[in-house]
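Chemist: Just dropping this structure here.
The values are calculated or read from the model by the stated rules, or taken from the named source; none is laboratory data. Source: prediction; values computed, not measured. A quick note on method: Cβ atoms are made from the backbone with ideal geometry, for glycine too, and the neighbour counts reach across all protein chains shown. Just the protein is used for accessible areas: all its heavy atoms, side chains included, with ligands, DNA and RNA removed. Shrake-Rupley method; radii C 1.70, N 1.55, O 1.52, S 1.80 Å.
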Amino acid sequence: METNEQAMESKYQSKLNGDTVLVVGMMALLVGVEGFIIYKIFAETWEIVSGFSYLYVIFLGLIVSIETIGCLRVRKSIKNHMFEFKYYD
């Protein structure tokens with residue numbers, strides 16, 4: 001009985017690691033797209049925004065921080081509920 005529980009926990013842990021990779025991939029995609037958008041805005045309007053470009057940096061930092069917190073909470077929620085549902089079966 002003990003080895004069956006260990007096998008299930010090992011299976012669930014490996015599936016959790018797979019979900020963690022998906023969450024990190026989603027985060028990387030979001031940051032990459034947002035970085036590209038900020039780059040395009042700076043490239044096209046540098047003469048106008050050069051005086052207050054620090055606001056864009058602060059804005060981008062806030063967005064990345066909020067997304068990171070959200071992704072960490074999604075992972076924590078999956079980890080907390082992975083044994084309650086038949087998600088990994």
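Chemist: Calculate how steeply helix 53-81 sits against the longest principal axis of the alpha-carbon atoms of the chain, using the helix alpha-carbon long axis, and give the answer as 0 to 90 degrees to the nearest 10.
Modeler: With both axes taken from Cα atoms, the answer is about 10 degrees.
Chemist: Near residue 66, within a Cβ-to-Cβ distance under 12 Å, what is the net charge of the other residues, with Lys and Arg +1 and Asp and Glu -1?
Modeler: Local charge sum for residue 66: -1.
Chemist: Return one whole number: the accessible area per residue of the chain in Å², for a 1.4 Å probe.
Modeler: I get 77 Å² per residue for this part.
Chemist: Among [x] 13.5; [y] 13.8; [z] 15.8, only one was calculated for this model; which label is it, if the read-out is Kirkwood radius over Cα pairs in Å?
Modeler: [z]
Chemist: Where Lys and Arg each count +1 and Asp and Glu each count -1, what net charge lies around residue 56 among other residues with Cβ under 14 Å from its Cβ?
Modeler: -1
Chemist: On C-alpha positions alone, give me the angle between the axis of helix 2-44 and the longest principal axis of the chain, in degrees, nearest 10.
Modeler: Here the helix axis deviates by roughly 10 degrees.
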